[in-house]
Amino acid sequence: DTPLYYNRQKPLGGWGYQAVATRHVQYNSLSILSAHNQYLEFLYVGGLVCIGFFLGANVLLGRRLQKGGRSYYAKLFCAALLSIYIMWMAEVYLHPVLYLPFVLAYHLKSLEKGRISDEKEGKTIVG
């Protein structure tokens, strides 16, 4: 409820990252530091601009994964990304390692080429 209140005040650009003390005052709590929903947090921090970039990046990523078809890596990354999207509904996860599957999924074709070349050379690969 509080993030939506503040999002209405600065809908386009959001509030940006803020000090912990500022968040405590805004949420009127010493224990709450975030929106407890990554999507609302994106909206709070970056506004509609941030959500637009996020959605645009996900559309691009979805198209890349769709080109991967039914390959092993495409299925793996779809499952990983789905689990991240579900986690983000319940909590805010800002650790950079959670964004690694997005980067790897974007480079799906390169990963598949490496796997195919390893198979042709007879090397043992995982999967």
- Just a yes or no: is a residue in the stretch 1-22 open to solvent by less than 80 Å² (accessible area, probe 1.4 Å), of a type in the set (Ser, Thr, Tyr) and not in a helix (DSSP H, G or I)? no
- Test result for residue 44, surrounded by 15 or more Cβ atoms within 10 Å (Cβ to Cβ) and either over 20 Å from the mean Cα position of the chain (by Cα) or in a helix (DSSP H, G or I) (or both): yes
- Task: Scan the stretch 27-36 and give yes if some residue there is in a helix (DSSP H, G or I) and of a type in the set (S, T, N, Q), otherwise no.
- Result: no
- Cβ-Cβ under 6 Å pairs, at least 6 apart or on other chains, the stretch 55-67 side farther than 21 Å from residue 39 by Cβ, far side assigned to a helix (DSSP H, G or I): 64/106; 64/108
- Item | Residue tally, condition over 19 Å from the mean Cα position of the chain (by Cα), modelled with pLDDT of 75 or more and of a type in the set (Phe, Trp, Tyr), over the stretch 1-38 | 3
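Return yes or no: is residue 56 at pLDDT 85 or above, out of contact with any Pro (no Cβ under 7 Å at 6 or more places or on another chain) and closer than 23 Å to residue 2 by Cβ?
Details: at pLDDT 85 or above: yes; out of contact with any Pro (no Cβ under 7 Å at 6 or more places or on another chain): yes; closer than 23 Å to residue 2 by Cβ: no.
So residue 56 fails the test.
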- Restricted to the stretch 59-101, and to residues that are of a type in the set (Phe, Trp, Tyr) and either under 23 Å from residue 42 (Cα atoms) or not in a helix (DSSP H, G or I) (or both), which residue is least open to solvent (accessible area, probe 1.4 Å)? 88
- Which members of the stretch 78-107 meet the condition of being modelled with pLDDT of 80 or more, under 21 Å from residue 64 (Cα atoms) and either in contact with a helix residue (DSSP H, G or I) (Cβ under 8 Å, 6 or more places away or on another chain) or charged (D, E, K, R) (or both)? 78, 80, 81, 84, 101, 102, 104, 105, 106
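The values are calculated or read from the model by the stated rules, or taken from the named source; none is laboratory data. If you're wondering where the values come from, they're calculated on a predicted model, not measured in any experiment. Positions of Cβ are backbone-derived with ideal geometry, glycine not excepted, and every protein chain shown enters the neighbour counts. Accessible surface areas use protein heavy atoms only, side chains included; no ligands, DNA or RNA. Shrake-Rupley method; radii C 1.70, N 1.55, O 1.52, S 1.80 Å.
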